[in-house]
Number of protein chains: 2
Amino acid sequence: MMDRIVAISGGVTSPKGFAAASYAAGIKYRDREDMALIYSEQPCMAAGVFTSNVVKAAPVVWDQQVVEKADYVKAVIINSGIANACTGEEGMKLCRATAKTAAEVTGDGAENILVASTGVIGMQIPVDRIVQGTKELLKRKDTSEEAGTKAAQAIMTTDTHKKETAMTVALSSGTVTIGGMCKGSGMIHPDMCTMLGFITTDAAISKTLLQRALSEVVQDTFNMISVDGDTSTNDTLVVLANGMAGNQEIIAEDEDYQTIKEALYRICEYLAKQMAGDGEGATALLEVTVQKAKTKADAKILAKSVVCSSLVKAMIYGHDANAGRIMCALGYSGVSFRPEKVDLYFTSSAGKILVFQGGIAADYSEEEATKILSEPEVTVVVDMHEGDASATAWGCDLTYDYVKINADYRS
Amino acid sequence: MMDRIVAISGGVTSPKGFAAASYAAGIKYRDREDMALIYSEQPCMAAGVFTSNVVKAAPVVWDQQVVEKADYVKAVIINSGIANACTGEEGMKLCRATAKTAAEVTGDGAENILVASTGVIGMQIPVDRIVQGTKELLKRKDTSEEAGTKAAQAIMTTDTHKKETAMTVALSSGTVTIGGMCKGSGMIHPDMCTMLGFITTDAAISKTLLQRALSEVVQDTFNMISVDGDTSTNDTLVVLANGMAGNQEIIAEDEDYQTIKEALYRICEYLAKQMAGDGEGATALLEVTVQKAKTKADAKILAKSVVCSSLVKAMIYGHDANAGRIMCALGYSGVSFRPEKVDLYFTSSAGKILVFQGGIAADYSEEEATKILSEPEVTVVVDMHEGDASATAWGCDLTYDYVKINADYRS
């Protein structure tokens, strides 16, 4: 399967028939592009996963209906700066107005247009600006790689860099392409993807299987990252498949399905790790791998508990091997285990070191541990010695800048 | 009931027959006292609640056995600086050695001595220093208020001030006194008390009722605070009752029981709020009251979700009325509710302001909101409009200093 999936330069415009655009609509940010379009020449099968938050932003409510009920999707209109969450009936009207404006240009129905927003909760989006922006985006749609990259930049909020990737996938009946982009930096916590993410593919695949693959892949990727434990009101991840690669449609869980699911996994894992590493104020990507746990469910809960601990995150920022905090975070996870069996390691490009053995501090060099913890990507390996299951979670360190960014986000 | 309970100056030495002491044993801290003693002239009934963390410090394991099995308790030996957690069999030996040393002086059994530790996880406590310190403490025991205060100071770690309080309680057969002290600043999260706390009383009360009152009161006090979401390995709260006030022993859930339980509630609420407000790096005490919820259980989960949100905490630090984050934290709490019914208020000594009404932003003055949020004690009031239940949780803001303290705690 390895050779069949090849990473390439690109993003959402890499698959055949997809275009993108970006535009400075002045919704909240000044002097930067704050709206983006993804457009498909042909109708797309759409699958999606959305926030588990009871307080759902208006675009989430809109998109859930579109993904569930519409025959196809033709375009996505995205804005950054204002989340359109806690905006009541006015927020839903804005979604309808945006979709209707786009649909009039594309010749489809409003129900064939997805919308997505990210930014401050509780503020209203100026309807004239988003309508105007939608028209401008459709005028500018472009299939170039650059157009995709600029769209990935336009959806950023506190992100420090754009996040996009693409891969080709050799199926039995021809090669297809998958591309993706996402944004996310704060209000990031595993329970759905806690972000905006858009994946495009020219593969032909049934809606049912597209949704199944997405839902499964998300469990081990976007749902395993955390920046701050706050599950957003706006989490949205959609996949659009327009079938233009000309492969034989995937309608069963055959080898092609497994191949394309693996490619989707790699796209999602890449984007999820990019988000975790670009967490607000972060200086390091923190990866936590729990192995030899009793069950996969246990391993996931344990890994998430460590990656979410403020004390562990602050320790990573300080390059301080205070591994007792990791034992503590395992202990309050809710999983039952025997502390006296646990081994802990720190690993990074600077080396690997055993810091706890059998539940107590090992004899290790503090100097070496500090060196390992000073790299931009640090992994904590937890060996439970209780079974065969493993899981990995991703997060970042807790820094002064996280506090700075969030003490005064609105200004 | 109000008039029967009167706050007085003092702490653990306020009730009859209790002495305290403190001593600089040099266990980890230099140039400060780091050990404390609580001693009762007469044997005490003991009740306790302990951490829910699977990784339990050795003193927690020791104290659980003492509270459950010993006929009485005579003294508590406490150290700060090293937690004696993740220390294996050596850690348990240290507890036995400490208790045995104290018991030889007091003429009791090792099983009549409680021990408690707080500080860094994973380091061993030097046994010679703690044995020497235990002997010194017993030589210095003193019933003065000052001795109690110095003990409250000696158990501090990252706390910025000592936490103690006392009250007299008029029962039907005479007046009794309750005193308490605690420490706690980081690794504070509701699930048991997440701290060390010691409450003394000269009331006569059965062990069963003492435990029942404590367990119930903790649910609404210590278990409703959070600093950072990390439930410690060392959480310990014990109550010692020596019966020396001479009241008729409380053996039924009568009026006297209700009165003393109310006094215990006030002691615990006071100490819990002191801990929340003195959270590591905190500049403000954050109180979250959820009212008109469907059930008490719902109200507690909702209040805790808001008080634990990093984004809400950072917003309080920035005096920024970004109330959408509160809606978001309510939404991911796991409680089902109707967002369009929720009203949110900010209140402090500077006034009260409605910021969200019916789930969307109200028309309010940002200037006034900032003024209200700039006080050292800030309350968020959440009105669910769904029932009659309410609950309150306490926490603190998230600041640069929290990161600073925890990025390099061990040095």
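Each reported figure results from applying straightforward, stated rules to the coordinates on display, with no laboratory input. In this text the structure is predicted, and so the values were computed from the model without any measurement. Virtual Cβ from ideal backbone geometry, glycine too; neighbours counted across all protein chains shown.
Some points to look at:
- Under 20 Å of direct C-alpha separation, and excluding same-chain neighbours fewer than eight residues apart, B:LYS296 reaches these aspartates and glutamates: B:ASP191, B:GLU216, B:ASP220, B:GLU262, B:GLU269, B:GLU287, B:ASP343, B:ASP383, B:GLU386, B:ASP388.
- The range B:164-319 - share of DSSP beta bridges that are antiparallel (%, nearest 5): 65
- Scanning residues 5 or more positions from B:ILE225 or on other chains, those with amide H under 5 Å from its amide H are B:TRP394, with H placed 1.01 Å from N in the peptide plane.
- Sequence-ordered 3J(HN,Hα) estimates for the range A:310-317 from the Karplus curve with 6.51, -1.76 and 1.60 and θ = phi - 60° stand at 4, 6, 5, 5, 5, 4, 5, 4 Hz, glycine and proline given as x.
- Contour minus Cα-Cα distance for B:ASP363 and B:GLU89 (0.36 nm per residue): 92.5 nm
- Cα pair count fraction exceeding 21 Å, expressed as % - the range A:125-268: 49
- Near B:ALA362, the amide H atoms lying under 5 Å from its own belong to B:PHE356, B:GLN357; only residues 5 or more places off or on other chains count, and H is placed 1.01 Å from N.
- Residues whose amide H comes within less than 5 Å of that of B:GLY184, counting only those at least five positions distant or on another chain, are B:THR157, B:ASP159 (H built at 1.01 Å from N in the peptide plane).
- Each stretch of four or more DSSP H residues adds -39500 (n - 2.57); spread over every residue of chain B, this sum gives -10500 deg cm²/dmol at 222 nm.
- For the range A:49-103, the relative contact order comes to 45 percent (Cα pairs under 8 Å, sequence separation of at least 6).
- A simple spin-label model places pseudo-atoms 7 Å from Cα toward Cβ; at B:VAL61 and B:SER206 they are separated by 3.3 nm.
- Nearest-ten-degree value, helix A:58-69 long axis tilted from longest Cα axis of chain A: 70
- When restricted to Cα atoms, chain A yields an Rg and a Dmax of 21.6, 69 Å, respectively.
- The GNM of chain A, with springs linking C-alpha atoms under 10 angstrom apart, assigns the highest mean-square fluctuation among A:VAL342, A:VAL105, A:VAL381 to A:VAL105.
- Förster radius 30 Å - calculated FRET efficiency between B:ALA252 and B:LYS296, Cβ distance, rounded to 0.05: 0.75
- Acute angle (nearest 10 degrees) that the helix B:145-154 long axis makes with the longest principal axis of chain B, alpha-carbon atoms: 70
- Diffusion coefficient (Stokes-Einstein, Kirkwood radius over C-alpha pairs, 4 °C, 1.567 mPa s) for the range B:254-335: 89 µm²/s, rounded to a whole number.
- Each residue of the range B:379-385 was assigned a 3J(HN,Hα) from its phi angle through the Karplus curve 6.51 cos²θ - 1.76 cosθ + 1.60 (θ = phi - 60°); the sequence is 10, 9, 10, 10, 10, 7, 6 Hz, with glycine and proline shown as x.
- FRET efficiency estimate (nearest 0.05) - Cβ-Cβ, B:SER52 to A:GLU104, R0 56 angstrom: 0.45
- The string of couplings for the range B:51-57 from the Karplus curve (6.51, -1.76, 1.60, θ = phi - 60°) is 3, 8, 5, 5, 8, 9, 5 Hz, one whole number per residue in order, with x for Gly and Pro.
- The protein assembly as shown - convex hull of alpha carbons, volume per residue in Å³: 152
- Across chain B, Cα pairs under 8 Å and at least six residues apart give a relative contact order of 17 percent.
- Compared with the dominant principal axis of the Cα atoms in chain A, helix A:88-106 is inclined by about 60°.
- Close Lys pairs in the range A:1-95 (alpha-carbon distance under 22 Å; sequence gap of 8 or more, or different chains): 7.
- Nitroxide proxy distance, nm - points 7 Å out along Cα→Cβ at A:LYS341 and B:ASP71: 4.1
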